[in-house]
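Structure first, then comments.
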Amino acid sequence: MQEPARVAIDLGAESCRVSLLRWIDGKSSIKVIHRIPNGPVHRGDSLYWDLKAILSGLEDGLRKAAEAAPEGIASIGADSWGVDYVRLAPDGRALRDPFCYRDERTVATKEAADRIIPPFDLYQRTGALPLRLNTVYQLLADPAAGIDPRTPWITLPDYIHLWLGGRRASEYTHATHTGLVDLKTRDWSREVFRELDIPIEAAPPIIHAGEVVGRLQGPLAVLDAFRETQLIAPATHDTASAIAGIPADLSKGAYLSTGTWSLLGTLTDVAVTSRHAFDAGYMNLGAATGDLLFHSLINSMWVLKQCMDSWATDGRAWAIEKLVQEAAARSTTGVLDMDAEVLLLDTEMPRRINGELQRLGFDPIPDVAGNEPLFARVIFESLAVRYAAALANLEKMLGRKMDRIHMIGGATRNKLLVELTEKRTGLPVEVGETESSTIGSLAIQLASSECGGQPVRPEALRGWARRLCAG
Ligand code: LRH
């Protein structure tokens, strides 16, 4: 009898993917079978995610998966970018589209929260770097949008499980990025909720990666392939699933997960919440196997994607491959501070970059046809410089040297960035999977079934990741 198939749903800020794992002659075959373009949507002065479009795309993707897997689909798991969440109507459906974390509504709420709990204090209690985008500041901003703070909510990827028929719960790795989880108890920090006056009753219970949250129900469940389908929470934070997808032992290596954001760090057993870690922008977030992701969040391909969108509107569309190729033939004209607040915003990115270049004493790049690769080169060079600084800080904080960088995610295809990273960090870069979140999610689902839904064991997880990567 053929091993059943599995599905991984990976929601990304630029595209959402439905992938299908099948076993053919004992070998794994993973295919992205459906992509849904995604991006923040402006409505009035606010930024949202178009949840309806995402859900209808997911339904199409799941139907395609059912057609492609007559042997049956044993489980589905969903992950997404961190921090966003869905407020729920009494029937458990989404009350409204979720806000996008880039919305500037959290500038004021963060300032107010900082006056109640100083950021370094919050960092020591939760391990999460108090970033403006964290869920905590978004929850505090909801009343200004007319939302009753007592309205139940759920983290975005876990909403997908709920929508498919699972129970309401937030998986630990995603929950830690809210900025509301106590580092020691690994549960919601009652004190933080109380001090910031956020109703804890509205928060979902926290579960661990690999936990079964229910069975697929509703219209899709009538399809043959979905008759016995479980909903298994992977590490629902995409970065945690991506790291779970690295088959190598990370005890001496750093990971570099690349995409809209880059995350450079490593796995640790003990949280580091020193002043240095705080100042260097390092956070301690949940990992799939209960240890910690210790990494720095770096604004990354967002900046390039925003430039490309702006050029496309101007009739200067570029394919990313061509842009990288041409950028390799140019030299850099400056280095940006990738963490600058203005580079996190959307629209008019070439103008923002020039403002930053001038602020830092470099010449601006005329935003005219033919100069696009110059912008790209500056972005890649700045990223490599930022990676090198993050690595130096990591080694200093952990008191040990790294011997390699395991790079995963979308930017692994960018040979120039890989080369520049090797040059600036002085370490070899091992290029891993582009869809590492998908590998990690599937490995967790498989390990969960093997461990009877208990928290997944690191060796089981690595074993499955190895098999899936070799497939
Ligand atoms: C990457 C990511 C990252 C978060 C950010 C909001 O997709 O999940 O780990 O910090 O989105």
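Just so you know, all these numbers are worked out from the coordinates, no wet-lab data involved. Because the structure is a prediction, the values reported are computed rather than measured. A quick note on method: Cβ atoms are made from the backbone with ideal geometry, for glycine too, and the neighbour counts reach across all protein chains shown.
What is the diffusion coefficient of region 113-165 in µm²/s, taking the Kirkwood radius over Cα pairs and the Stokes-Einstein relation at 4 °C with a viscosity of 1.567 mPa s? Present the calculation step by step, with values, prior to reporting the outcome.
Values: Rh = 13.0 Å.
D = 100 µm²/s.
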Give the long-range amide H neighbours of Q217: residues separated by 5 or more places, or on another chain, with amide H under 5 Å away, using H modelled in the peptide plane at 1.01 Å from N.
-> G165
With 5 Å bins from zero, work out the P(r) of region 247-432 over every alpha carbon pair and list the percent per bin.
-> 1, 8, 17, 20, 19, 14, 10, 7, 3, 1, 0
Could you calculate the contour length gain from A392 to E195, that is, 0.36 nm times the residue separation minus the distance between their Cα atoms, to one decimal place in nm?
-> 67.3 nm
What FRET efficiency comes out for the pair T185/D363, r = Cβ-Cβ distance, R0 = 60 Å, nearest 0.05?
-> 0.70
Using only alpha carbon pairs under 8 Å that are at least six residues apart, calculate the relative contact order of the chain and give it in whole percent.
-> 16 percent
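What chymotrypsin sites (Phe, Trp or Tyr not before Pro) in region 1-83 are in a loop by DSSP, with at most 14 other Cβ atoms within 10 Å of the Cβ? Intermediate values should be presented prior to the final figure.
Working: sites: W23, Y48, W49, W81; in loops: W49, W81.
Answer in residue order: no site qualifies.
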Sites K423 and V270, calculated FRET efficiency, Cβ-Cβ separation with R0 35 Å, nearest 0.05 | 0.60
One finds, for E3 and D91 with R0 = 41 angstrom and r their Cβ-Cβ distance, a FRET efficiency to the nearest 0.05 of 0.65
Could you give me the radius of gyration and the Dmax of region 5-240, taking only the C-alpha atoms into account and expressing both in angstrom?
-> 18.2, 61
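What GluC sites (Glu not before Pro) does region 131-223 have in DSSP loop regions with at most 13 other beta carbons within 10 Å?
Details: sites: E171, E191, E195, E201, E211; in loops: E211.
The qualifying sites: there are none.
Give me K110, K31 sorted ascending by neighbouring Cβ count inside 10 Å, so fewest comes first. Show your work: numbers first, answer last.
Values: K110 21, K31 14.
Listed from fewest to most nearby Cβ atoms, that is K31, K110.
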Those helices of the chain passing the 20 Å axial Cα length cut-off and the mean Kyte-Doolittle cut-off of -1.0 (DSSP H runs only) are 51-68, 372-398, 436-450
At most 14 other Cβ atoms within 10 Å and a DSSP loop assignment: could you name the trypsin sites (Lys or Arg not before Pro) in region 392-461 that fit?
-> R400, K401
Report, largest value first, the span of the C-alpha coordinates of the chain along each principal axis, in whole Å.
-> 61, 54, 49
Taking 0.36 nm per residue of separation and subtracting the Cα-Cα distance, what length does fully extending D309 through R351 add?
-> 13.8 nm
Ranking of S170, S15, S300 by count of other Cβ atoms within 10 Å, fewest first = S15, S300, S170
Relative contact order (percent) for region 280-373, with alpha-carbon contacts under 8 angstrom and 6 or more residues of separation?
-> 25 percent
Quick one: work out the % antiparallel among DSSP beta bridges in the chain, nearest 5.
-> 70 percent
Counting only DSSP beta bridges with both partners in region 247-432, the antiparallel fraction in percent, to the nearest 5, comes to 65 percent
Dividing the mean separation of Cα pairs under 8 Å (6+ apart) by the residue count of region 5-240 yields a relative contact order in percent of 22 percent
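Test of understanding: what is the full-extension gain from S56 to K252, defined as 0.36 nm times their sequence separation minus their Cα-Cα distance? Before the final figure, lay out the partial values.
Details: separation 196, 0.36 × 196 = 70.56 nm, distance 4.27 nm.
Full extension of this stretch gives 66.3 nm more.
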